[in-house]
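Below: one structure, written as structure tokens.
The values are calculated or read from the model by the stated rules, or taken from the named source; none is laboratory data. As the structure is a computational prediction, the values presented were derived from the model and not from experiment. Backbone-built Cβ (ideal geometry, glycine too); neighbour counts: all protein chains shown.
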Amino acid sequence: MRAGTLRKRVTIQQPSEGSADPLNEKVMSWSDVATVWATVLPQSGREFYRAQQVHADLTDVVSIRYRPGITARMRLVLGPRILNLAAPPVNVEDRNRELLLYCVEEQ
């Protein structure tokens, strides 16, 4: 992995239970795990109908340096964009040098 290709700053977040709302239901919140350098490569985009409305679906592959503990329940924040992990991270060649994160952008 070449350091020069890591040009974007992304924040990795994990879900955490927040406090209860007035109806005594748990509110989901996100807490920061780390902020890392990444390469973000757009893969595909599509539009589809759901509930009689047009929705857009954008997918990206994000490459970061290896970091243990990343799970499919986490998400990435890239400026105003929120990228949800669509699959568990891929440890490239099992060498503990690079992780590929397959993401779907939240709309």
Tally up the residues in the range 10-36 that are under 19 Å from residue 62 (Cα atoms) and surrounded by 14 or more Cβ atoms within 10 Å (Cβ to Cβ), please. 7
For the structure I just gave you, tell me whether residue 18 is modelled with pLDDT under 95, touching a Lys or Arg at 6+ places or on another chain (Cβ under 8 Å) and not hydrophobic (A, V, I, L, M, F, W, C). yes
How many residues are in contact (Cβ under 8 Å) with a residue 12 or more places away in the chain and at positive phi if we restrict to the range 62-88? 1
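Just checking, how many residues over the range 68-94 are of a type outside the set (S, T, N, Q) and loosely packed, with under 14 Cβ neighbours inside 10 Å?
11
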Output the residues belonging to the range 1-23 that are without any contact (Cβ under 8 Å) to a residue 60 or more places away in the chain and of a type in the set (Val, Ile, Thr). 5
Just one of (1) at pLDDT 90 or above; (2) more than 21 Å from residue 13 (Cβ to Cβ) trips up residue 98, so point out which. (2)
